[in-house]
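Read through the structure below, which is laid out as structure tokens, and then see the notes.
Just so you know, all these numbers are worked out from the coordinates, no wet-lab data involved. None of the values given here were measured: they were computed from a predicted structure. Every residue, glycine among them, receives a Cβ derived from its backbone with ideal geometry; neighbour counts consider all protein chains shown.
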Amino acid sequence: MTPYEHKVQYYETDGMGIVHHSNYIRWFEEARVELLEQLGYGYDRIEAEGFGSPVLEVHCKYKTMARFGDTVLIYAQITEYNGVRMALHYEIRDEQTNALRCEGESRHCFMGRDNRPVSLKRSWPALDRVFAAQLEAQNAANNGEA
């Protein structure tokens, strides 16, 4: 999948001229939204079908600082998926130097209109197959089978 590109804005920085830590979590979300769009199932489509995907957990490890004017590439990949829950891993890298700025993870579940957990395997098999195939492809790539 194509990484999400983000140019650091002035308002995203703190008094020291570096990106405030809270923005990396926002960038994870931007990359997740882009990944779903690339898979053909953007949040708008998922919500129109009556499903939601709330965040259960989010973790971020800060490595190096991004600054105003930098462009970063955010790589998002599905690392776990079982039909009810999904985990994604993120890497944020400087576009010019490839330096790792931060990495993290988010965990989500799937819910129906009644705000109760649902299994996509039963409720939306087409989306289940897309997520399962993406996880399988990612695992194959990570194991050098691509």
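Which translational diffusion coefficient, to the nearest whole µm²/s, is obtained for region 8-61 from the Stokes-Einstein equation, given a Kirkwood hydrodynamic radius over C-alpha pairs, 4 °C and 1.567 mPa s? Please report the intermediate quantities before stating the final value.
Working: Rh = 13.0 Å.
Approximately 99 µm²/s, per Stokes-Einstein.
Under a Cβ-only charge scheme (Lys and Arg +1, Asp and Glu -1), can you give me the dipole magnitude of region 4-120 about the Cα centre, in debye to the nearest 20?
Working: 13 positive and 19 negative charges, 52 e Å.
Rounded to the nearest 20 debye, it is 260 debye.
By the scheme Lys and Arg +1, Asp and Glu -1, what is the net charge of all other residues having a beta-carbon under 12 Å from that of residue 63?
That sum, taken over residues with Cβ under 12 Å, equals 0.
Bin width 5 Å, origin at 0, all Cα-Cα pairs of region 77-140: what percent of pairs per bin?
With 5 Å bins starting at 0, P(r) equals 4, 17, 21, 19, 15, 10, 7, 5, 2, 0.
Given an 8 Å cut-off on Cα distances and at least 6 residues of separation, report the relative contact order of region 4-139 as a percent.
Once divided by the residue count of region 4-139, the mean separation gives 26 percent.
Please state, as a whole number in µm²/s, the translational diffusion coefficient that the Stokes-Einstein equation yields for region 44-116 at 10 °C and 1.306 mPa s, with Rh defined as the Kirkwood radius across alpha carbon pairs. Each step should come with its number before you reach the end.
Working: Rh = 13.9 Å.
The Stokes-Einstein estimate is 114 µm²/s.
Relative to the longest principal axis of the C-alpha atoms of the chain, give the angle of the C-alpha long axis of helix 22-38, reported between 0 and 90° and rounded to the nearest 10°.
With rounding to tens, the tilt is 50 degrees.
So, counting K/R as plus one and D/E as minus one, what does the shell of residues with Cβ under 12 Å around residue 123 add up to?
+1
Using the number of other C-beta atoms within 10 angstrom as an exposure proxy, rank 12, 30 with the fewest first.
Final ranking by Cβ density, sparse to dense: 30, 12.
Going by C-beta contacts inside 10 Å, put 27, 124 in order with the fewest on the left.
124, 27
Across every pair of different alpha-carbon atoms, what Kirkwood hydrodynamic radius in Å does the chain reach?
This gives a value of 16.1 Å.
Using Cβ counts within 10 Å as a stand-in for footprinting exposure, how do 79, 97 rank, fewest first? Write out the running numbers ahead of the final one.
Working: 79 16, 97 10.
Going from least to most buried by this count: 97, 79.
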